[in-house]
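Let me begin by presenting the structure, written as structure tokens, before commenting on it.
The values are calculated or read from the model by the stated rules, or taken from the named source; none is laboratory data. Note that the structure is predicted; figures quoted are calculated from it, not measured. Quick reminder, even Gly has a Cβ in these numbers, built from the backbone with ideal geometry, and neighbours come from all protein chains shown. When the accessible area is computed, the model is the full protein with side chains, heavy atoms only, and any ligands, DNA or RNA have been set aside. Shrake-Rupley method; radii C 1.70, N 1.55, O 1.52, S 1.80 Å.
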Amino acid sequence: MKIIDNCKQIINSFNRMPPAVITEVDRQLSRGRMELARLIRTNAPKYDSTLTNSIRSKRKDIGFFEVVAGADYALMVEEGTGPGGWVPKESLEDWIKAKGITPNDPDMSRDELVNLIQLSIYRKGSPAQPFFKPAFEQMKPRLQQLVAQGVSKGLSA
């Protein structure tokens with residue numbers, strides 16, 4: 001899962017900027033990508049650390065950075081799923097145990113509870129738990145501030 005936000009004004013003006021400005025904007029955006037990755041990790045639902053640990057950022061080119069959630073199910077967590085998915089029994093058993101979920105009916109076994117949850121997910125899907133896009137939207141003003149700081153520092157160098 002990845003969000004791409006191409007700020008065309010910045011990209012188009014990069015070639016016309018003095019080298020000192022490019023260097024400072026690049027440096028500030030690098031800081032911004034780390035702050036964004038940290039916020040996305042904070043917002044990510046916590047079942048185990050797989051999703052959180054899959055969130056990483058890297059520099060692709062000057063002024064071009066990437067923050068990704070690399071877990072193969074990240075988009076399903078972010079956007080939810082429709083009906084029809086079948087969750088493996090072992091995954092649900094681990095999830096139930098980690099969450100401390102117990103049946104309301106004392107006569108219901110854990111296996112029956114797993115089957116009910118599997119059936120519910122199959123019929124209804126799973127709800128969205130947005131963590132990536134909200135973090136990005138929250139960080140936009142900060143990223144714009146960092147770009148402005150980079151331009152200011154670069155021009156005064």
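Quick notes on this one:
- Put a plus charge on the Cβ of each Lys and Arg, a minus charge on the Cβ of each Asp and Glu, and nothing anywhere else: the dipole of segment 21-157 about its Cα centre is then about 780 debye.
- Candidate cross-link partners of K99 among the aspartates and glutamates, defined by an alpha-carbon separation under 19 Å and a same-chain spacing of 8 or more, comprise D48, E90, D111, E112.
- Per-bin percent of Cα-Cα distances, segment 66-120 [10 Å]: 20, 44, 26, 9, 2, 0
- When the chain is treated as a Gaussian network with alpha carbon springs shorter than 10 Å, the biggest mean-square fluctuation among E90, E66, E137 belongs to E90.
- Relative contact order computed over the chain (Cα-Cα under 8 Å; 6+ residues apart), in percent: 36 percent
- Degrees, to the nearest 10: 132-156 long Cα axis against longest axis of the chain: 10 degrees
- Kirkwood-based shape ratio for segment 53-96, expressed as Rg/Rh from alpha carbons: 1.17
- Within the accessible area of segment 8-141 (1.4 Å probe), percent carbon and sulfur: 53 percent
- Largest GNM mean-square fluctuation across A69, A128, A44, computed for the chain with C-alpha springs under 10 Å, falls on A128.
- Over all Cα atoms in segment 103-157, the spread is summed up by Rg and Dmax: 24.3, 73 Å.
- In degrees, nearest ten, helix 89-99 long axis to first principal axis of the chain (Cα): 80 degrees
- For the chain, the pair-distance distribution built from all alpha carbon pairs, in bins 10 Å wide starting at 0, is 10, 30, 24, 16, 11, 7, 2, 0 percent.
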